[in-house]
Amino acid sequence: MQSANMLLRKIVRSSTLPFAARYGMKKDLFPLSRTLSLSLCLKQDRSCEPSEKLDLDEWKKVMKSGLQEEVSETVSEPKELSSLAAARETLEMWRLAGRAVPENISEEQLKTFMECPSKSAKKKYLKYLHLKELHKKNDRRKMEEKRERRLEAQDQTSKTEETKKNSLVCMWSSTMDKAYNWRAAQSMIFGQPLVFDMSYEKEMSLREVTNTVRQIVLSESCNRRSVDPFHIHFCNFKDDSLYHREFIKQYREAWDKLLITVTDQCYTEIFPKDKLIYLTADSPKVMKTFDHDKIYIVGSMVDKSIKTGVSLARAKRLGLETAALPLEKYLLWSTGAKNLTLDQMMHILLTLKDTADWKKALEFVPKRKYCGFVNRPVTELKKTLHLMNTLKLGKGREEVQKQFAKSYPKKYKLK
């Protein structure tokens, strides 16, 4: 008996009662559902247990309880949600049937659709929404196409401008290269010689040789672009040396086309000794002016350990005149050694050759090495620095005043 009641409850909940609760046929459909479920239950119970009898009172209780539960569940659901879901289902059915229905519709539009008085009004409203959606899609597509065309036009204009610029740059560079090469060719005939001593390969490591070659390449390009270039000589240059291999790495095919003189001879064998001046930072003689009749020699060496006296000893062995740049005379040197790179030396010599102005020439010295240009004599500057150091160390003020009174006029005295 209990199994029959459970089976009746399942059948009522699953089939009959939801249908009746949804479509509003609870009272009329209840007797039919009761008879159908009762007949099914009786058939199953008779087939299984033919001797068992059905308790009608219990069956009525079960049916009433199930009906009350289903009705309470359906009443608890909001009517608006069910109506919106039904409207969406009808729209989906119309879309599948091929009618003009919008793809995306909001809840407000659904409510207005449900409030339409007739079916024709609903169809017209849906057609209006469908056309509106199509217009929006077309406008969006046109905007995207316009944006793509604008981007393509910008790309084309940028490409044309780049090609024009590249063509102009190529023409300018080619003409300027021709002009520079013409000047370098003239310097090989009429220009002042400048010698790079390439005999320091054994004094350097492979990395130092590479740095030296890079600085010489910069010096050569700077010289070639100047107004009045030097005639560069690479003396004591050996074939298949470290210098030679590094130059081929830097210049490649242009190495054989350089407008310079490369020889394995010493500069004393090519030029007279009385015209040669070896530029070295270790020289006791300071260079005062640039002489256009002299031939200056620059040692092609980059030493990280700063080996002092190497180039000076070589110049003395060959009996050559030496000179150093007047750095202390024009610059207030702060830190570091007074050795300059080869490209800096080339800039300084070219500026001296063109302008004969030491202040302009020494602007190529790195600014980290000096505090500024000297406006007063060097001895006075040294005295002021010494006095400043004594003040920092905390010496007596009277001694400092005495030193200032001896070395400076009254306007420089401390009050």
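Table: residues versus (1) of a type in the set (S, T, N, Q); (2) open to solvent by 60 Å² or more (accessible area, probe 1.4 Å).
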{"residue": "Thr280", "(1), (2)": "yes, no"}
{"residue": "Lys288", "(1), (2)": "no, yes"}
{"residue": "Lys294", "(1), (2)": "no, no"}
{"residue": "Leu320", "(1), (2)": "no, no"}
{"residue": "Leu331", "(1), (2)": "no, no"}
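One residue stands out among those in segment 251-278 that are aliphatic (A, V, I, L, M) and open to solvent by 30 Å² or more (accessible area, probe 1.4 Å): the one that is nearest to Gly319 (Cα to Cα), which is Ile270. If I ask for residues that are open to solvent by 50 Å² or more (accessible area, probe 1.4 Å) and in a helix (DSSP H, G or I), which ones from segment 333-368 would you list? Residues satisfying the conditions are His347, Asp354, Thr355, Lys359, Lys360, Glu363, Phe364, Lys367, Arg368.
Screening Ile189 on (1) more than 20 Å from Asp177 (Cα to Cα); (2) surrounded by fewer than 20 Cβ atoms within 10 Å (Cβ to Cβ) shows it passes everything except condition (1). Applying a threshold of 6 Å to beta carbon distances and a minimum spacing of six or more residues, or different chains, the list of pairs starting in segment 347-370 at a residue that is at pLDDT 90 or above and ending at one that is among the basic types (Lys, Arg) and assigned to a helix (DSSP H, G or I) reads Thr351/Lys360.
Would you call Leu151 modelled with pLDDT under 90, aliphatic (A, V, I, L, M) and within 35 Å of the chain's Cα centre (by Cα)? So Leu151 passes the test. Scanning segment 218-267 for residues that are closer than 19 Å to Ile297 by Cβ, part of a helix (DSSP H, G or I) and among the aliphatic types (A, V, I, L, M) returns a single hit, Leu218.
The values are calculated or read from the model by the stated rules, or taken from the named source; none is laboratory data. Keep in mind that this is a model prediction, so the values were computed, not measured. A quick note on method: Cβ atoms are made from the backbone with ideal geometry, for glycine too, and the neighbour counts reach across all protein chains shown. Note: areas computed on protein heavy atoms with side chains; ligands, DNA, RNA excluded. Shrake-Rupley method; radii C 1.70, N 1.55, O 1.52, S 1.80 Å.
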